[in-house]
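The values are calculated or read from the model by the stated rules, or taken from the named source; none is laboratory data. Quantities reported herein were computed from a predicted structural model and do not represent experimental measurements. Cβ: placed from backbone, ideal geometry, glycine included. Neighbour counts: every protein chain shown. Areas reflect the complete protein model, heavy atoms only, side chains present, ligands, DNA and RNA absent. Shrake-Rupley method; radii C 1.70, N 1.55, O 1.52, S 1.80 Å.
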Amino acid sequence: MERRLAAVLIADVVGYSRMSEIDEARTRLLFHSDLRELFEPRTAQHHGRLVKTMGDGVLVEFHSVVDALHCAVELQQEKARRNAALPPEQRMVFRIGVNLGDIIVEGDDIHGDGVNIADRMQVLAEPGGIAISGTTYDHVKSKLAIGYRALGEQKVKSIAEPIRVYRVVLDPAVEGQTVGARRSRQSLAVLAAAIGITAFLLAGLAWWQPWQPGDGASVATADARPSLVVLPFDNLSNDTEQGYLADGITEDLTTELARIPGLFVISRNAAFTFKDRTSLPSEVSTQLGVRYILEGSVRRAGDEMRINAKLIDSMTNGSMWAERFDGEWSEVFELQDRMVGEVATALKLRLVTSQQAARIAGGTSNPAAYEAYLRGRELELREKPEDWVGAVKYYEQALALDSAFGNAAAALAWMYREAHWTEERSKVFGLSQDEARGKADSYFTQAAKNPSPGYYTLLAGKLNMMQRSDEAIAAAERAIALDASDPSNYESLSMAMIFNGRAEDGLGYLDAAARVDPAWSRWRYFLAGLAYFSTDRYEEAVVALEKTAPESKETSYWDFWSSYPGLMVLISAYGQLDRHADAAMARERLKPYLAQAQEPEYTGLMAAVEFPFKNYVDLERVLAGLRKAGVPDLPDGFSPKPEDRLDGDEIRALLFGHEIQGRNTGTGEAYRRVTAEDGTTHITVGEWSDQGRSTIEGDMLCSVYPTRWRFCGVVFRKSDGTFAQKNEYLLVLQSDRFEFSVVK
């Protein structure tokens, strides 16, 4: 075994896992292209030795640390020039770390602290940037025409002593200079917290974001904040059925800790993959990308309870803090507050008071209501509609005990909202679809009085469907500010961004979701596919949408809502690629989902309703692909003479500023519609009436009503219609037909 002093360069691809999830073969091709065309010639030019590749990383050894850093600078400069000429999906971004230190040589391989520290420097580099150790800086600080930014001493994984760290600055304005660390987002967040909770919420997104979408490339960046996971607490009670208490306390601690400025907390979903498993701290750290692990147990006997908790540093496998909390069940909130406060102290973080956070987040101070909520939560998370009946009873009990319990109201609004989509699901609760919708609306109104993260996520979904994605973005941002550990909040924001015409930003928020929960769900693949489709990257869209796995067994209730719209977009993507055989097969695969949704067939009108883009150009992209795939624009083989169909301008002239009257041709119900010049619409069909908003999208009339979401239709002249019979025109929707005449 040989030891020697050497300069070590390690480069790693940013966001490689997400790129591979979308298209593994192309990602490997891009990596090897950079290796062959960039790394190998530059390494040789600067007298280095390419030791090996490590998955998505490159390890290089140099005799001269000046050569190593010079090579790193040229690599990043050349890579930036190449990326500027490439479409976003082909841009591969690297972080590079450089260290001068002692290495161990075994054959052609090298390892030891010199290599380990170079790897830690790479983690601390910005995307497209370079970070170097203090020993490197001491030898090169006056040797190259570059600048440096001092990050101070950093505690890094597997290295006992803190390491001085510097980032390379290529700005000519600081050439030859070393500047101090900029005021970090983390420090700004602490200041915001000190000012007050309101400022904290409004500024929240500015300090916790672990990604930078910029320049069309959605990539995760280094996150220098302390990172933590709350592993599922063990239930030590004699009553095994009280596992819901341990699970609930785990989930609430995750949410509360995620509100601490400067702390990154992994999601409950990711943490619970370790439930009932014996895992080493290093294993948890590696799989979840966190440094600190909070674990513990809950024991309850009657009204007495004990919580044991321990904070572990995965770098040393040692305990940083451990405590036992004894008290009565009525003191559960105080015990949790103490635990959160002590964890924050152990990590040297400033705490936003949990009383303020809980009040804003729609919590409760009633222990009985809290226990009922935890029981309901356990049943809901089983994701089976038959368990939801029990969950609803517990949530309703919680709300009866505390009418201001916003989390419980939001949970009820969510469950009844899901129930009302089909008759089969409504029947689970013994309700009709209209009754389930009414309950959802009622509980949503109650949840709005004490908003929780769940309420804002629900609100974002409603606003998206009402084609108000600007407001949906604000609602989703609010949900994230209240609970930065929940991946569904980032996914909600991603969807709002996509519908808003900002698909690249939508991809960035999927990266953020993957940071708190690395496991990609079918829903996340659907959102990625929709985002890629919306940027004309149809091949990538196909790869992502096929991973919604329509043919595989559904393991969750939510799998349906990924595969169903995923197939809709997949058909259009195949159409855009002129892959007609694949499009035909996808249409067949969609039929069972249409049957479950009580839809006879898939049409362009249906797509117009399902995808409420802010800009018509995004919807037209979907419709154009569907036409190429052979999907009809109109339902039931409806194909009147083309000359009888009104275009968008003709529909506007006919309806806007006028009143129409007629009937539903299927039910015979009276139909009346008054549309103002600005699109404000008053509608009455039988006993139902509402006020909404109408727009012209292409040659379609689309309307949004608060109680019935969104409808899109086309208008035809009826050659045999008369004003007396009020049937001169026909409005065709996906499931309804209305004949009418203009009366005012």
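The local environment of Val8, defined by Cβ-Cβ distances under 9 Å, has a net charge of -2 under the rule Lys, Arg +1 and Asp, Glu -1.
Listed here are the pairs Lys641/Lys718; Lys449/Lys614; Lys384/Lys427; Lys462/Lys614; Lys157/Lys275; which of them are more than 19 Å apart at the Cα? Result: Lys449/Lys614; Lys157/Lys275 exceed 19 Å.
Please report, as a whole percent, how much of the solvent-accessible surface of the range 495-622 comes from carbon and sulfur atoms (probe radius 1.4 Å). Please report the intermediate quantities before stating the final value.
Numbers: 2330 of 4250 Å².
The C+S portion of the solvent-accessible surface of the range 495-622 is 55 percent.
So if each residue of separation counts as 0.36 nm, and I subtract the Cα-Cα distance between Gln596 and Val742, what length gain in nm does that give?
Residue separation times 0.36 nm, minus the Cα-Cα distance, leaves 48.8 nm.
How much of the DSSP beta bridge set in the chain is antiparallel, as a percent to the nearest 5? Antiparallel bridges make up about 90 percent of those DSSP assigns within the chain. Taking Cα centre as origin and charging only the Cβ of basic (Lys, Arg, +1) and acidic (Asp, Glu, -1) residues, the dipole magnitude of the chain rounds to 1180 debye.
3J(HN,Hα) along the range 323-337: 7, 10, 10, 10, x, 8, 4, 5, 9, 4, 5, 5, 5, 5, 4 Hz, from the Karplus curve 6.51 cos²θ - 1.76 cosθ + 1.60 with θ = phi - 60°, whole Hz, x for Gly and Pro.
Take the alpha carbon gyration tensor of the chain, find the square roots of its eigenvalues, order them as a ≥ b ≥ c, and report rounded if a/c is under 1.5; if not, report prolate when a/b exceeds b/c, else oblate. In terms of gyration-tensor shape, oblate.
The HN-Hα couplings worked out from phi for the range 725-738 by the Karplus form 6.51 cos²θ - 1.76 cosθ + 1.60 (θ = phi - 60°) are 8, 6, 9, 6, 9, 10, 9, 10, 9, 4, 10, 9, 10, 10 Hz, whole numbers, x standing for Gly and Pro.
Taking a ≥ b ≥ c as the square roots of the eigenvalues of the Cα gyration tensor, an a/c ratio of 1.5 or more together with a/b no larger than b/c marks the range 557-626 as oblate.
Averaged per residue, the range 619-726 has 48 square angstrom of accessible surface, using a 1.4 angstrom probe with ligands and nucleic acids left out.
Rolling a 1.4 angstrom probe over the protein heavy atoms, how many square angstrom per residue are accessible across the range 55-104?
Values: 1590 Å² over 50 residues.
Ligands and nucleic acids excluded, the result is 32 Å² per residue.
Between the helical axis of 503-516 and the longest alpha-carbon principal axis of the chain there is an angle of about 60 degrees.
Let me have the 222 nm mean residue ellipticity of the chain computed from DSSP H runs of 4+ only, each contributing -39500 (n - 2.57), with the sum over all residues rounded to the nearest 500. Kindly include the intermediate steps, with their values, before the conclusion.
Values: 28 runs with 341 residues, N = 744.
Taking each H run of at least 4 residues, the total per residue is -14500 deg cm²/dmol.
How much of the DSSP bridge set in the range 218-308 is antiparallel, in percent, rounded to the nearest 5? Beta bridges within the range 218-308, antiparallel portion: roughly 40 percent. Mind checking which of Gly662, Leu170, Ile96 is farthest towards the positive end of the chain's charge dipole, using Cβ charges of +1 (Lys, Arg) and -1 (Asp, Glu) about the Cα centre? It is Leu170, whose Cα lies furthest towards the positive end.
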